[in-house]
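> First, the structure itself, so that you have it in front of you.
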Amino acid sequence: MRQVMVAGNWKMNGSSDSIKELMAGIKDGLAAISKAEVVVCPPAVYLPRVSGAADGTSIKVGSQNICDEDSGAFTGEISANMLKDVGCEYAIIGHSERRALYGESDDLVAKRFAAARRNGIKPIFCIGESLEERESGITNDVCSRQIDAVIALEGVEALADGVIAYEPIWAIGTGKVATPEQAQEVHAFIRGKIAALNADVADGLRILYGGSMNPGNAKELIGQKDIDGGLIGGASLKAEDFLAICQAAE
Ligand code: PEP
């Protein structure tokens with residue numbers, strides 16, 4: 001039985017004050033959440049503070065990125081060990097904004113995935129197609145290619161108990177959510193692809209949906225057979241909305 005996960009990607013938003021308030025709000029509502037694994041991914045500078053606030057609660061903390069190297073002359077990068085040191089359990093890897101705006105290729109994303117795993121950080125591995133790719137009918141090919149880069153480097157077993165976030169780029173931050181059927185179709189494809197290589201890995205793999213998920217659409221999306229939770233951007237910045245999604249996931 002896969003535990004449902006709701007992960008908040010705060011992106012480059014917030015301040016010391018707003019983050020304190022957001023964490024207090026989420027903690028206040030935690031008592032009503034018993035089944036979902038709740039993860040928050042703040043900007044890196046706030047990780048120690050957020051880890052401290054999450055201490056003693058069920059909230060898990062994740063980073064929004066990770067370096068593919070473990071230490072050395074990599075100005076501006078943050079290693080998996082450093083993230084672990086400040087209390088991170090998860091790391092978002094290969095988010096479409098990093099792929100599109102900072103040129104992260106499938107190969108680099110695979111190396112970052114490997115760096116996370118070898119240092120005990122659990123990847124939340126993002127994949128997804130652009131609108132143009134969807135309209136050209138190559139959604140599954142794009143997702144396959146992105147997953148294959150990780151499998152080529154690490155083997156399918158690297159996805160055992162793993163987390164993939166399927167995030168159609170055209171649905172991120174646009175308010176244009178995929179229909180539950182559209183999302184389920186891709187999630188089923190992803191699970192089927194992994195199952196063809198290793199049925200046990202496919203069975204344990206959590207596949208989150210991301211892209212304009214909100215309190216109004218979360219229940220129907222997460223209710224789909226192969227949707228095991230959500231990666232939430234905009235709606236994770238308000239405790240009330242984030243908690244409502246966590247409750248929908250219950
Ligand atoms: C995201 O960036 O991972 C995301 C899903 O954003 P939003 O929920 O704002 O579409």
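The values are calculated or read from the model by the stated rules, or taken from the named source; none is laboratory data. Nothing here was measured: the structure is a model prediction, and the numbers come from that model. Cβ: placed from backbone, ideal geometry, glycine included. Neighbour counts: every protein chain shown. Please note that ligands, DNA and RNA were not included when accessible areas were found on the heavy atoms of the full protein model with its side chains. Shrake-Rupley method; radii C 1.70, N 1.55, O 1.52, S 1.80 Å.
> Sorting check: for 111-121, 133-143, which peptide has the highest mean count of neighbouring beta carbons within 10 Å, and how do the rest follow?
Details: 111-121: 19.7, 133-143: 15.5.
Result, highest mean first: 111-121, 133-143.
> Skip the ligands, DNA and RNA, and give the accessible area per residue of the chain with a 1.4 Å probe, whole Å². Each step should come with its number before you reach the end.
Values: 11090 Å² over 250 residues.
Solvent-accessible surface per residue comes out at 44 Å².
> Just reorder Lys11, Lys122, Lys20 by solvent-accessible area, largest first, 1.4 Å probe, all chains present. Before the final figure, lay out the partial values.
Values: Lys11 45, Lys122 90, Lys20 155 Å².
Greatest to least solvent exposure: Lys20, Lys122, Lys11.
> What are the principal axis extents of the Cα atoms in the chain, in Å, biggest first?
So the extents along the principal axes, rounded to whole Å, are 46, 44, 33.
> Given the -39500 (n - 2.57) contribution per DSSP H run of 4+ residues, what per-residue ellipticity at 222 nm results for the chain, rounded to the nearest 500 deg cm²/dmol? Mind showing how you got there, number by number?
On the way: 11 runs with 106 residues, N = 250.
After summing the helix terms and dividing by the residues of the chain, the value is -12500 deg cm²/dmol.
> Show me 70-79, 51-60, 233-242 ranked by packing, highest mean number of other Cβ atoms within 10 Å first. Kindly include the intermediate steps, with their values, before the conclusion.
On the way: 70-79: 11.0, 51-60: 15.5, 233-242: 19.5.
Highest to lowest by the protection proxy: 233-242, 51-60, 70-79.
> Heavy atoms only, probe 1.4 angstrom, no DNA, RNA or ligands counted: give me Tyr90, Tyr102 ranked by accessible area, highest first. Let's see the in-between values first.
Details: Tyr90 5, Tyr102 145 Å².
The ranking, largest first, comes out as Tyr102, Tyr90.
> Write down Rg/Rh for segment 12-68, rounded to two decimals, with Rg from the C-alpha atoms and Rh from the Kirkwood relation over Cα pairs. The partial results should precede the final answer.
Details: Rg = 11.6 Å, Rh = 11.9 Å.
On the Cα set of segment 12-68, Rg over Rh gives 0.97.
> Where does segment 98-220 land on Rg/Rh, using Cα atoms and the Kirkwood Rh? If you can, show how the numbers build up before the last one.
Numbers: Rg = 14.1 Å, Rh = 14.9 Å.
Answer for segment 98-220: 0.95.
> GNM, the chain, Cα, under 10 Å: largest mean-square fluctuation among Ser63, Ser212, Ser34?
For the chain, modelled as a Gaussian network with Cα springs under 10 Å, the answer is Ser34.
> Using a 1.4 Å probe on the protein heavy atoms, what percent of the accessible area of the chain belongs to carbon and sulfur? Show your work: numbers first, answer last.
Working: 5530 of 11090 Å².
Ligands and nucleic acids excluded, carbon and sulfur reach 50 percent.
> Would you look at the GNM of the chain, springs on alpha carbons closer than 10 Å, and say which of Gln146, Gln224, Gln182 moves the most?
Evaluated over the chain, the most mobile residue of the options is Gln182.
> Report, by chain and number, residues whose modeled amide H sits under 5 Å from the one on Val40, excluding near sequence neighbours (fewer than 5 apart, same chain).
Answer set, sorted by chain and number: Gly8, Lys60, Val61, Gly62.
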